[in-house]
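A short worksheet on the structure shown next.
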Amino acid sequence: MKYSYYQRLKNMCDTKNSYLCIGLDFDLDKMKNKNVKDLVSLESFIKDVIDSTYDLCAAYKPNFAFFEKYGPSGMKLLESVVEHIDYRSITIADAKRGDIGNTSACYAQSVFEHYNFDAVTIAPYMGTDSIIPFIENSENGAYLLCLTSNTSAMDFQYKNSNGSMLYEDVAKLASKINNDNLGLVVGATKNDHMQQIRDIAPNLNWLIPGIGNQGGDLESSVRVSNSKQGSGLINVSRSIIYAKNQDLDDIRKSASKYNESINQFLG
């Protein structure tokens with residue numbers, strides 16, 4: 001029996017009692033753990049982090065940029081990491097894809113069939129035909145960039161057109177074409193606008209970055225994103241994977257702390 005992405009995500013969250021997503025944004029130039037010096041030791045370390053935390057999180061989100069920077073070797077590392085996660089957690093490709101229809105179809109094939117990710121982030125700027133190839137199979141998930149956590153989000157996402165902001169139009173479109181697999185990226189630093197987005201698209205799941213080093217509001221993010229119909233994955237990257245001295249105990253403790261806080265705010 002085939003399950004939609006929303007169904008698979010819900011099953012994972014319910015089974016683990018977790019709405020935590022851990023961002024795998026490792027950078028060799030910034031590692032605190034002195035045992036990690038090259039791609040070989042980085043691969044081993046990332047896999048150890050996964051083995052130490054998979055029971056605490058519903059999803060992992062590798063950011064493609066942190067693997068692409070190393071060229072073909074980095075992309076081989078990404079393949080190995082996703083294979084290691086296997087079915088233990090949902091995997092989200094933070095790749096921010098989106099292009100004309102036939103190009104998006106190739107991107108979708110790469111993400112879902114070659115790398116075997118469960119979901120992917122998408123930039124919706126090019127419109128519906130750039131999104132459909134990622135969501136026509138309900139088993140595959142996608143998250144549209146709606147209102148992002150970075151400061152420069154206001155350059156375009158707050159633009160008013162025909163009486164509504166661009167991020168509002170993105171939420172409306174996502175709600176319209178949702179195939180039980182399309183969600184929104186809503187930054188935790190934009191908590192003043194969260195309820196508005198939830199009102200526009202009550203049935204959509206969210207992916208929420210910006211917690212931890214970016215200073216997003218965890219409590220409001222959890223409470224607003226999780227409605228009767230939709231839910232929110234809280235993504236935490238650096239505050240977990242670079243915790244304290246970056247040993248496995250520190251990383252697990254940080255992941256556990258965030259998971260407990262999320263569940264506390266869920267009530």
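Among the residues of region 253-267, those identified as under 14 Å from residue 51 (Cα atoms) and either within 19 Å of the chain's Cα centre (by Cα) or not in a helix (DSSP H, G or I) (or both) are 255, 256. Checking each residue in region 1-22 for being out of contact with any helix residue (DSSP H, G or I) (no Cβ under 7 Å at 6 or more places or on another chain) and of a type outside the set (D, E, K, R) picks out 1, 3, 4, 5, 6, 7, 9, 11, 12, 13, 15, 21.
Annotation note: of 46, 22, 85, the sole residue that is more than 20 Å from residue 122 (Cα to Cα), modelled with pLDDT of 95 or more and in contact with a strand residue (DSSP E or B) (Cβ under 6 Å, 6 or more places away or on another chain) is 85. Filtering region 152-175 to residues that are charged (D, E, K, R) and within 29 Å of residue 20 (Cβ to Cβ) leaves 168, 172.
For region 163-170, the condition holds for no residue, the condition being that it is in contact with an Asp or Glu (Cβ under 9 Å, 6 or more places away or on another chain), in a strand (DSSP E or B) and not charged (D, E, K, R). The set of residues in region 209-252 being of a type in the set (Val, Ile, Thr) and not in a strand (DSSP E or B) consists of 211, 222, 224, 240, 241, 251.
For every residue, the table says whether it meets (1) out of contact with any Phe, Trp or Tyr (no Cβ under 8 Å at 6 or more places or on another chain); (2) touching a residue at least 12 places away in the same chain (Cβ under 8 Å).
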{"site": "134", "(1), (2)": "no, yes"}
{"site": "137", "(1), (2)": "no, yes"}
{"site": "140", "(1), (2)": "no, yes"}
{"site": "148", "(1), (2)": "yes, yes"}
{"site": "155", "(1), (2)": "yes, no"}
{"site": "160", "(1), (2)": "yes, no"}
{"site": "163", "(1), (2)": "yes, no"}
{"site": "170", "(1), (2)": "yes, yes"}
{"site": "175", "(1), (2)": "yes, yes"}
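Looking at region 71-92, is at least one residue aromatic (Phe, Trp, Tyr) and free of Cβ contacts under 8 Å to residues at least 12 places away in the same chain? Yes, region 71-92 contains at least one residue that is aromatic (Phe, Trp, Tyr) and free of Cβ contacts under 8 Å to residues at least 12 places away in the same chain. For residue 105, the criteria (1) without any contact (Cβ under 8 Å) to a residue 24 or more places away in the chain; (2) surrounded by fewer than 20 Cβ atoms within 10 Å (Cβ to Cβ) hold in every case but one, which is (1).
Suppose we keep only residues that are more than 20 Å from residue 48 (Cα to Cα) and crowded, with 16+ Cβ neighbours inside 10 Å within region 84-100. Which one would you say is farthest from the chain's Cα centre (by Cα)? Only one residue fits best here, namely 99. Scanning region 171-208 for residues being crowded, with 22+ Cβ neighbours inside 10 Å and either assigned to a strand (DSSP E or B) or of a type outside the set (D, E, K, R) (or both) gives a total of 18.
Looking only at residues in region 207-264 that are without any contact (Cβ under 8 Å) to a residue 40 or more places away in the chain and among the β-branched types (Val, Ile, Thr), the one that is farthest from residue 60 (Cα to Cα) is 224. Among the residues of region 194-232, those that are in contact with a Phe, Trp or Tyr (Cβ under 9 Å, 6 or more places away or on another chain) and basic (Lys, Arg) comprise 198, 223. State which residue is surrounded by the most Cβ atoms within 10 Å (Cβ to Cβ) when the search covers only region 209-255 and only residues that are on the phi > 0 side of the Ramachandran plot and at pLDDT below 95. Only one residue tops the list, namely 210. Applying the criterion of at least 2 residues that are aliphatic (A, V, I, L, M) and within 27 Å of residue 17 (Cα to Cα) to the strands (runs of 3 or more DSSP E) found wholly in region 43-149 leaves 90-97, 119-122, 141-147. The residue that is surrounded by the most Cβ atoms within 10 Å (Cβ to Cβ), among those in region 1-29 that are over 23 Å from residue 227 (Cβ atoms) and of a type in the set (D, E, K, R), is 25. Considering 167, 125, the condition of being of a type in the set (Phe, Trp, Tyr) and crowded, with 20+ Cβ neighbours inside 10 Å is satisfied by 167 alone.
The values are calculated or read from the model by the stated rules, or taken from the named source; none is laboratory data. Just so it is clear, the model here is predicted, and its values are computed rather than measured. Heads up, the Cβs are rebuilt from the backbone with ideal geometry, glycines too, and the neighbour counts pull from every protein chain shown.
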